[in-house]
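The values are calculated or read from the model by the stated rules, or taken from the named source; none is laboratory data. Bear in mind that the values here come from a model prediction, so they are computed numbers and not experimental data. Ideal geometry is used to build each Cβ from the backbone, glycine not excepted, and the neighbour counts take in all protein chains shown. What goes into the accessible areas is simple: the full protein's heavy atoms, side chains included, and nothing from ligands, DNA or RNA. Shrake-Rupley method; radii C 1.70, N 1.55, O 1.52, S 1.80 Å.
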Amino acid sequence: GLGFNIVGGRDQQYIPNDNSIYVSWIKKDGAAYLDGRLQEGDKILAINGKDLKDLRHKDAVELFRNAGYYVSLKIQRRLQPQNGPVGHRGDGESGGLPLAAILVPGLVLAATAVWILLRYRQRM
């Protein structure tokens, strides 16, 4: 096989009111995993030039099973939620602030507060 599972279709909508086909799982060491371009959650728009729009799930599965040795997929990459967790970007960057940017100013403020408190107590 191609090394991945799909969900969705006209009769088994993965997302309400959306008949699209999505990648649900990529088999480790399968063809898609080794290729590295397909990701879980991607919407598959076409396989070998055949549009997947409004197909039943089983008809989409048959297209994948009969795709042949060379397979061309047209996909739409899933979008990351604006306020939700961010997945691994693959470039070594977390996408957020470095931990030091939060910890260092916090530690400086805490140390300053302790120093002021100790100086104030000495005067009393």
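Annotations
- At an R0 of 25 angstrom, the distance between the Cβ atoms of K28 and Q76 translates into a FRET efficiency of 0.60.
- Accessible surface, 1.4 Å probe, highest first, among residues K58, K43: K58, K43
- Reachable lysines, given that their alpha-carbon falls under 25 Å from the alpha-carbon of K50 and they are not under 8 places away in the same chain: K27, K58, K74
- The lysines within cross-link reach of K28, meaning a Cα-to-Cα straight distance under 20 Å and a gap of 8 or more places when in the same chain, are K43.
- Annotation: extensible slack from D51 through W115 equals 16.2 nm (criterion: 0.36 nm per residue apart, minus Cα-Cα distance).
- Length released on extending from Q122 to N5, taking residue separation times 0.36 nm less the Cα-Cα span: 35.2 nm
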